[in-house]
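One structure is given below, encoded as structure tokens.
The values are calculated or read from the model by the stated rules, or taken from the named source; none is laboratory data. Quick caveat: nothing in here was measured; it's all calculated off a predicted structure. Neighbour counts are summed over all protein chains in view; Cβ atoms, including those assigned to glycine, are modelled from backbone coordinates with ideal geometry. Side chains included, ligands, DNA and RNA excluded: accessible areas come from the protein's heavy atoms. Shrake-Rupley method; radii C 1.70, N 1.55, O 1.52, S 1.80 Å.
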Amino acid sequence: MGIERGTASGHGTVYASGGGVYRVRLDDGSEVEAAMRGRLKLQKRTGEKVVIGDRVRMARVAGDWVIDAVDERRTQMVRRSPGGRKGKVVAANLDRIIVVVAARDPSATFELIDRLLAVVEASGLHPVLVVNKVDLPGGRERFDEIDRTYGPIGYRVLAVSAVGGEGMEAFAREACAGTAALVGPSGVGKSSLLNRLDPALELRTGELSTRGGRGRHTTVESRLIPLACGGVLADTPGFGDVGLWRVDPDDVEACFPELAERAEGCRFRRCTHTSEPDCAVRAAVERGEVAGSRYRSYVGLREEAKHR
Ligand SMILES: Nc1nc2c(ncn2[C@@H]2O[C@H](COP(=O)(O)OP(=O)(O)O)[C@@H](O)[C@H]2O)c(=O)[nH]1
Ligand SMILES: [Mg+2]
Ligand SMILES: [Zn+2]
């Protein structure tokens, strides 16, 4: 009732959201602020709100833009909320996810890397792993360790330094095509990398993210950032506490490509690789063909998935 049709409507992409207000880039290139229509707000859908990257149908109601409907998502990046049981969609319709960790300060543990990679795999995207701060003392050595573990199992691992500029060409090739997201804990240099790529962005760096803390209203918002080089980047919340959400225990295996590959050799088709006889995955771990750290992460995440 009362919807004015015809004059102003169309499709757009959600570029930013915060406090119930959405910044939407219409397909004609203009940008408008919009609210969600009440009806849609009440709609529970998957329990998620409209997020950055969502394709939305827009309408104008009494002079104001409203989001009238949300298109089905091609992909969605979901993470577990910090310490909580609720899943949270972080961004929709991404083409690529770039996992960013630091070689030093803070040095990424394999367990954290495994979780970050797995949560991306669970969303159906195969991530690139960027190791920043290789300029710091010991940074190169840590990068080499990470590369030796993750390179052979099919991940592209890049050594970069937002400060020194190392690896920025390779980083740009990943970031400058389609819509990509950088995910990683706060403090690893995500904003610094973006500033190095596109100095006009002038993103604030070195700030402790209030996201994920207990603070109520944070001013930090999720947004898509158009880059001068042609890509679009999703600026997402800190991923300090990452877990899988709504992943069935039996699907955790699929988030570990090198385990999934070997599972075909297990005696039982639905082998969990924990206690069954003639398990090809455990045999590969014992032979040193699969990293013990990866196997432990798999078991840990599988155990977590059972209790969720
Ligand atoms: N040495 C060094 N420090 C960096 C590098 N990249 C970022 N930093 C520093 O790390 C801190 C966190 O960076 P920031 O970009 O805010 O991280 P974000 O939270 O992931 O966005 C800041 O003090 C940066 O100056 C790097 O490549 N080398
Ligand atoms: Mg930042
Ligand atoms: Zn097995």
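R74 sits among other residues whose Cβ lies under 12 Å from its own Cβ, and their net charge, with Lys and Arg +1 and Asp and Glu -1, is -2.
What number in nm² do you get for region 139-194 if you take the convex hull of its Cα atoms and divide its surface by four? The partial results should precede the final answer.
Values: hull surface 17.4 nm².
Seen from a random direction, the Cα hull of region 139-194 projects 4.4 nm² on average.
In this structure region 49-202 gives 39 Å² per residue of accessible area when probed at 1.4 Å with all protein chains present.
What number comes out for the charge environment of A283, summing +1 per Lys or Arg and -1 per Asp or Glu over other residues with Cβ under 14 Å away? With Lys, Arg at +1 and Asp, Glu at -1, the net is -3. The accessible area of F143, taken with all protein chains in place and a 1.4 Å probe, comes to roughly 10 Å². Heavy-atom accessible area, probed at 1.4 angstrom with all protein chains present, ranks D144, D68, D114 as D144, D68, D114, highest first.
In order along region 283-292, the phi-based Karplus estimate (6.51 cos²θ - 1.76 cosθ + 1.60, θ = phi - 60°) of 3J(HN,Hα) comes to 4, 5, 5, 5, 7, x, 7, 10, 5, x Hz; Gly and Pro are listed as x. Charged neighbours of S30, selected by a Cβ distance under 13 Å, balance to -1 (K, R count +1; D, E count -1). Ranked by the mean number of other Cβ atoms within 10 Å of their residues, highest first, the peptides 261-273, 121-133 fall in the order 121-133, 261-273. The 1.4 Å probe gives accessible areas that order Y150, Y295, largest first, as Y295, Y150. When every Cα-Cα distance of region 94-234 is counted in 5 angstrom steps from zero, the calculated P(r) takes the values 2, 10, 20, 24, 22, 15, 6, 1, 0 percent. With the whole protein complex present, R104 retains an accessible surface near 80 Å², based on a 1.4 Å probe.
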